[in-house]
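A short worksheet on the structure shown next.
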Amino acid sequence: MNYFSLDTHLIKTGGTTLPNSKKYQTILFDLDGTLTDPKIGITKSVQYALKSFGIEESLENLIPFIGPPLKYSFVNLYQFDEAKATLAIAKYREYFAVTGLYENELFAGVPELLQDLRTEGKTLALATSKPTVYADQILEHFKIREYFTFVAGSNLDGSRVEKAEVIAYALKNLGVSDYSQVIMIGDRKHDLIGAKTVGVDSIGVLYGYGSHEELSAEVPTWLAKDLVELREILL
């Protein structure tokens, strides 16, 4: 495997030249930390949920909740059992559905990238562990829903939260059979693990909430430090 090095990150190449990845016809995007910066909304929602259990926590300490499925985080970070994690998610949604959903902002350059990809004839889909109903609202709020052929997320009942399930669901609904033309883009290891499980290429983006160490450990097909490099890979 050959790589082209830029600063402190690595981009895979097919040999001695920079990549031409126009073979990717279907492009799947994660939402939180990839298209938008949801830090305030997610951390405040978690803080609200934890407070209902008598746990006071700073917003900065809750950043690890950005990306993974909520149940995973409540169980692994606060040792909640399944029943308690389910209650915590319900409390989280009390705040998130009304306020936290909109305490969010697009990363600069995202609308332009999505527009250019569509102009090039690419099929775009969202693949997020966030419930589909919330993901749709966020895309509509930021006026980028029109770029996505399909939005795949989890269900409010807690099913289809694993990223591999979401990716497979998206590809099934898109009618995609040639996985060699598919790529998944995300900022956390769960995105890359999901892509690997399904059998599609992946891009780990370093401008989100996953560290270089976290992402590189999953050996993604590409790593991009910012949206400029993501554009170079995709277009």
Difference of contour (0.36 nm per residue) and Cα-Cα distance, A97 to I40: 19.2 nm
Where both partners of a DSSP beta bridge lie in the chain, what percent of those bridges are antiparallel, to the nearest 5? 30 percent
Return L171, L77 ranked ascending by Cβ neighbour count within 10 Å, so the fewest neighbours appear first. L77, L171
I need R160, R145 ordered by Cβ neighbour count within 10 Å, fewest first. R145, R160
If I model a spin label at N61 and Y78 as a point 7 Å from the Cα along the Cα→Cβ vector, what separation in nanometres do I get? 1.1 nm
By the mean-Cβ-within-10 Å protection proxy, highest first, 197-207, 107-117 rank as 197-207, 107-117
Whole-number D in µm² s⁻¹ for segment 39-102, Kirkwood Cα-pair radius fed into Stokes-Einstein, 20 °C, 1.002 mPa s: 189 µm²/s
Can you tell me how much longer the chain between Y179 and D136 gets when fully stretched, taken as 0.36 nm per residue apart minus their C-alpha distance, in nm with one decimal? 13.0 nm
Semi-axes in Å, largest first, for segment 51-177 (Cα gyration tensor, √(5λ)) are 29, 18, 12
Cα extents of the chain along the principal axes, largest first, in whole Å, come to 57, 34, 30
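Readers should treat all values here as calculations from the given coordinates under stated rules, not as data from a laboratory. Not measured: the values here are computed from a predicted model. As a convention, Cβ positions derive from the backbone with ideal geometry for all residues, glycine included, and neighbour counts pool all protein chains shown.
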